[in-house]
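Working notes for the structure below.
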Amino acid sequence: MILTGSVLLRNTRSIQKDGTTKFDFDVPTLTLNGELDGLLRISRGAESYWHQKVNIDKSQAKMFPMIALEGISHASFMDRSMMPSAVKSGDINPEVDEKTGHNTVANAIMNFIKPIEEGKSEGELNAALEAFTDDFMKPLLEAMKLEGSHAMKEPCYDSALVNRQSPECLQGSAWSQMAQEIMAGDLANKNAAIQTQDNFHRVYTVTPVHLPQINNSCPSSNDATCILESITVTENFYNRLDQFDTGKFEIGAVEMKGKMMSRQSVQVAAGNATADFHESDEVGSRCADINQKALEWALANANKKALDRYNKYGKKLVVGDDLGPFNAGPLWIWQYLQYKDNAAKTQTVLQSPMMRTPTNYPISAVRGFHYCKLLSPFRALEWIYHDSQLDHNSIASAPKVIGEEEVTFLQ
């Protein structure tokens, strides 16, 4: 089977007890995804790549290869003069002409089909296309792992604060662990450091409620190394329309609801008993600091051509000041990470609703917290590759100037 601009759906696979992915059918299938496909995001292709190559059960290895096609969009799989309205309105401009696109696709298909026609159990891949795919997917997979993407495995969501460690589910987010370190800031005790274990939980549950904590403290001055052990809580929140698995909507978490310990509480635990809440947590925007780091990670790790395209055509993502504080659980939970375009659609400002409390807060159960709506590095990378291109580098945005069947693409 050949899938062009499409994928094997999530309901065809499952995670085994050993953590690997297994599909429920045995038909050799080649998945071809254009890196510029406006209808099926390349981030959805990255999800397929991880399940079909990286995490695949050894009994199905090489049965479901996935190839990313450089410079190819959804329109590249068809006759441009016969594009349906959904492609005309929603696709990104391809960077190869129609003939080159068709030849690239045909080459990939022929390489895959020929060995099967000769009686082999699996097809072969064009070496150059496979090498491009492996390299192109590296930052996307790393970003998915940092997020703890539900597209890889379901979260553990145990009743206990600390989730079990299991190959079948995800315990927490590696990015949230980094976020707590950024939140902590520079510690006055240079021999102290913070080590965080994040756990996935639904942040709205109250029976039980899951709250962040610091498990120990460090003396104000000590020649020995002291490690603060902290626990954070995260819920990744996804576009609800992604449950239909069309690849049209965001694959990365549209926000990560992060419950962290405040900078003041970490500083106090690290030995600075006089740490001031105003200076530590109210001056500046702690959540914006973390979200800026996520954006910087994506910019530093993006595919070079994708980054050049973003810099030339892309709607730039800009991190704005935090919103709030929303110092009541429900207020913060249902205030979502805000994405707001400017009038020219050249820039989108992202702002995080936050909740923050000092260590002497009247309600003792919620003292010393700083909650943020976090930008996932995976979502930031997806923005660079896909969302940023839709306004000024789409087929719909390009003026038709040459005949009835030709389109002048932005160069």
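To keep it simple, each residue is scored yes or no on (1) more than 18 Å from Ser352 (Cα to Cα); (2) buried (at least 19 other Cβ atoms within 10 Å of the Cβ).
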{"position": "Asn216", "(1), (2)": "yes, no"}
{"position": "Pro219", "(1), (2)": "yes, no"}
{"position": "Gly247", "(1), (2)": "yes, yes"}
{"position": "Gly252", "(1), (2)": "no, yes"}
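Return the residues of the stretch 322-344 that are without any contact (Cβ under 8 Å) to a residue 60 or more places away in the chain, surrounded by fewer than 14 Cβ atoms within 10 Å (Cβ to Cβ) and within 18 Å of Ala380 (Cβ to Cβ); say none if nothing qualifies.
Scanning the stretch 322-344 gives Lys340, Asp341.
Would you check which residues across the stretch 95-141 are hydroxyl-bearing (Ser, Thr, Tyr) and more than 17 Å from Ala68 (Cβ to Cβ) and list them? Walk me through it before giving the result.
Here is the first cut: in the stretch 95-141, the ones hydroxyl-bearing (Ser, Thr, Tyr) are 100, 104, 121, 133.
Matches in the stretch 95-141: Ser121 only.
Check Ala224, Ala294, Ala269 and return the single one that is touching a residue at least 60 places away in the same chain (Cβ under 8 Å) and assigned by TED's automatic domain parsing to the domain that holds Phe369. Give the derivation first.
Working: Ala224 fails: touching a residue at least 60 places away in the same chain (Cβ under 8 Å); Ala269 fails: touching a residue at least 60 places away in the same chain (Cβ under 8 Å).
Step by step, each of Ala224, Ala294, Ala269 is checked, and only Ala294 is touching a residue at least 60 places away in the same chain (Cβ under 8 Å) and assigned by TED's automatic domain parsing to the domain that holds Phe369.
Could you tell me how many of the residues in the stretch 335-360 are in contact with a helix residue (DSSP H, G or I) (Cβ under 7 Å, 6 or more places away or on another chain) and not in a loop (DSSP other than H, G, I, E, B)? Even if it seems obvious, please write down each step before you answer.
Going through the stretch 335-360, the residues in contact with a helix residue (DSSP H, G or I) (Cβ under 7 Å, 6 or more places away or on another chain) turn out to be 350, 352-359.
Restricting the remaining residues to those that are not in a loop (DSSP other than H, G, I, E, B) gives 350, 353-356.
Residues meeting the conditions: 5.
Evaluate the following for Tyr310: is it of a type in the set (Ser, Thr, Tyr) and closer than 30 Å to Phe136 by Cβ?
Working: of a type in the set (Ser, Thr, Tyr): yes; closer than 30 Å to Phe136 by Cβ: yes.
Yes; evaluated as a whole, the condition is true for this residue.
Out of the residues in the stretch 65-84 that are under 12 Å from Glu98 (Cα atoms) and either touching a strand residue (DSSP E or B) at 6+ places or on another chain (Cβ under 7 Å) or among the small types (Gly, Ala, Ser) (or both), which is surrounded by the fewest Cβ atoms within 10 Å (Cβ to Cβ)?
Taking the candidates together, the pick is Ser81.
Take the residues in the stretch 1-53 that are touching a strand residue (DSSP E or B) at 6+ places or on another chain (Cβ under 9 Å) and free of Cβ contacts under 8 Å to residues at least 24 places away in the same chain, then tell me which one is surrounded by the fewest Cβ atoms within 10 Å (Cβ to Cβ).
Asp24
Does the stretch 202-246 hold any residues that are acidic (Asp, Glu) and at pLDDT below 95, and which are they?
So the first thing to find is which residues in the stretch 202-246 are acidic (Asp, Glu), and the list is 223, 229, 235, 242, 245.
Passing the criteria: only Asp223.
Report yes if some residue within the stretch 155-175 is under 25 Å from the mean Cα position of the chain (by Cα), modelled with pLDDT of 95 or more and in a helix (DSSP H, G or I); otherwise report no. I'd like the intermediate steps shown before the answer.
So the first thing to find is which residues in the stretch 155-175 are under 25 Å from the mean Cα position of the chain (by Cα), and the list is 155-158, 161-175.
Checking the rest, the ones that are also modelled with pLDDT of 95 or more come to 155-158, 161-175.
From what is left, the residues that are in a helix (DSSP H, G or I) are 174-175.
Yes, the stretch 155-175 contains at least one residue that is under 25 Å from the mean Cα position of the chain (by Cα), modelled with pLDDT of 95 or more and in a helix (DSSP H, G or I).
Checking Ser149 against (1) in contact (Cβ under 8 Å) with a residue 24 or more places away in the chain; (2) touching a Cys at 6+ places or on another chain (Cβ under 8 Å); (3) outside any helix (DSSP H, G or I), only one condition comes out false. Which one?
(2)
Mind listing whichever residues of the stretch 199-251 are among the polar types (S, T, N, Q) and either in contact with a Cys (Cβ under 6 Å, 6 or more places away or on another chain) or not in a strand (DSSP E or B) (or both)? Please lay out each step first, then the result.
Our first condition is that a residue be among the polar types (S, T, N, Q); within the stretch 199-251, this holds for 199, 205, 207, 213, 215-217, 220-222, 225, 230, 232, 234, 236, 239, 243, 246.
Of everything in the stretch 199-251, those that are among the polar types (S, T, N, Q) and either in contact with a Cys (Cβ under 6 Å, 6 or more places away or on another chain) or not in a strand (DSSP E or B) (or both) turn out to be Thr205, Thr207, Asn215, Asn216, Ser217, Ser220, Ser221, Asn222, Thr225, Asn239, Gln243, Thr246.
Can you pull out the residues in the stretch 297-325 that are within 21 Å of Lys345 (Cα to Cα) and part of a helix (DSSP H, G or I)?
Keep residues of the stretch 297-325 that are within 21 Å of Lys345 (Cα to Cα), which gives 298-299, 306-321.
Correct list: Ala298, Leu299, Ala306, Leu307, Asp308, Arg309, Tyr310, Asn311, Lys312, Tyr313.
Hey, can you tell me all the residues within the stretch 260-284 that are assigned to a loop (DSSP other than H, G, I, E, B) and of a type in the set (D, E, K, R)? Lay out the reasoning, then the answer.
So in the stretch 260-284, the residues assigned to a loop (DSSP other than H, G, I, E, B) come out as 262, 270-276, 283-284.
Of everything in the stretch 260-284, just one residue is assigned to a loop (DSSP other than H, G, I, E, B) and of a type in the set (D, E, K, R), namely Asp276.
Got a number for residues in the stretch 105-116 being in contact with a Ser or Thr (Cβ under 8 Å, 6 or more places away or on another chain) and either among the polar types (S, T, N, Q) or not in a helix (DSSP H, G or I) (or both)? First the steps, then the outcome.
The first filter runs over the stretch 105-116 and keeps only residues in contact with a Ser or Thr (Cβ under 8 Å, 6 or more places away or on another chain), leaving 105.
Narrowing the set further to residues that are either among the polar types (S, T, N, Q) or not in a helix (DSSP H, G or I) (or both) leaves none.
Number of matching residues: 0.
Can you tell me which of (1) touching a residue at least 24 places away in the same chain (Cβ under 8 Å); (2) surrounded by fewer than 20 Cβ atoms within 10 Å (Cβ to Cβ); (3) over 22 Å from Trp383 (Cβ atoms); (4) not assigned by TED's automatic domain parsing to the domain that holds Tyr49 is the one Val96 doesn't meet?
(4)
From (1) within 15 Å of Tyr49 (Cβ to Cβ); (2) surrounded by fewer than 19 Cβ atoms within 10 Å (Cβ to Cβ); (3) not aromatic (Phe, Trp, Tyr), pick out the condition that doesn't hold for Leu161.
The single condition Leu161 does not satisfy is (1).
Checking the structure you have, find out if any residue of the stretch 125-145 is assigned to a loop (DSSP other than H, G, I, E, B) and within 25 Å of the chain's Cα centre (by Cα).
As a first pass, look at the stretch 125-145 and keep what is assigned to a loop (DSSP other than H, G, I, E, B): 125-126.
Going one step further and asking which of them are within 25 Å of the chain's Cα centre (by Cα), we end up with none.
No, because not a single residue in the stretch 125-145 is assigned to a loop (DSSP other than H, G, I, E, B) and within 25 Å of the chain's Cα centre (by Cα).
With the condition kept exactly as written, say whether any residue in the stretch 307-315 is assigned by TED's automatic domain parsing to the domain that holds Asn236, touching a His at 6+ places or on another chain (Cβ under 6 Å) and of a type in the set (Ser, Thr, Tyr). Don't jump to the end; show me each part of the working.
Our first condition is that a residue be assigned by TED's automatic domain parsing to the domain that holds Asn236; within the stretch 307-315, this holds for 307-315.
If we keep only those that are touching a His at 6+ places or on another chain (Cβ under 6 Å) too, we end up with 313.
Remaining after also requiring of a type in the set (Ser, Thr, Tyr): 313.
Yes, there is a match, as at least one residue in the stretch 307-315 is assigned by TED's automatic domain parsing to the domain that holds Asn236, touching a His at 6+ places or on another chain (Cβ under 6 Å) and of a type in the set (Ser, Thr, Tyr).
Can Met178 be described as in contact (Cβ under 8 Å) with a residue 24 or more places away in the chain, of a type in the set (A, V, I, L, M, F, W, C) and part of a loop (DSSP other than H, G, I, E, B)?
Numbers: in contact (Cβ under 8 Å) with a residue 24 or more places away in the chain: yes; of a type in the set (A, V, I, L, M, F, W, C): yes; part of a loop (DSSP other than H, G, I, E, B): no.
For Met178, the condition - in contact (Cβ under 8 Å) with a residue 24 or more places away in the chain, of a type in the set (A, V, I, L, M, F, W, C) and part of a loop (DSSP other than H, G, I, E, B) - is not met.
The values are calculated or read from the model by the stated rules, or taken from the named source; none is laboratory data. All figures in this text were calculated on a predicted structure; none of them were measured in a lab. All Cβ positions, even for glycine, are placed from backbone atoms using ideal geometry, and neighbour counts span all protein chains on display.
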